[in-house]
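The values are calculated or read from the model by the stated rules, or taken from the named source; none is laboratory data. A quick note: this is a predicted structure, and the numbers were derived from the prediction, not measured. Cβ: placed from backbone, ideal geometry, glycine included. Neighbour counts: every protein chain shown.
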Amino acid sequence: MSLTEIANILGKPYFQAPNCLIYNLDCLEALKLLPDQFVDLTVTSGPYNIGKEYEKFLVLDEYLNWC
């Protein structure tokens, strides 16, 4: 799949360079849009579940299950 095809699926990237598209998306939602077996690596920005104002705090068992 080409980068053009990916951009057609996910829309305009947050950043683009030769052979690189970077998206600022909810990865769980974005991954649903891509074909099966397509993604080898997902980079996210942790840490999580530490009380940031944009987070929904989860008890440890719920957080581990979510991960």
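Taking the criterion of being over 14 Å from the mean Cα position of the chain (by Cα) and within 28 Å of residue 66 (Cα to Cα), the residues of the stretch 16-39 that qualify are 35, 36, 37. Restricting 22, 6 to those that are surrounded by 12 or more Cβ atoms within 10 Å (Cβ to Cβ), among the β-branched types (Val, Ile, Thr) and in contact with a strand residue (DSSP E or B) (Cβ under 8 Å, 6 or more places away or on another chain) reduces the list to 6. Within the stretch 30-58, residues that are hydrophobic (A, V, I, L, M, F, W, C) have Cβ atoms under 8 Å from residues that are in a loop (DSSP other than H, G, I, E, B) in these pairs: 30/23; 31/39; 31/42; 38/1; 57/49; 57/51; 58/49, counting only partners at least 6 apart in sequence or on another chain. Here residue 22 passes the criteria (1) modelled with pLDDT of 90 or more; (2) in contact with a Leu (Cβ under 8 Å, 6 or more places away or on another chain); (3) not charged (D, E, K, R) except the one numbered (2).
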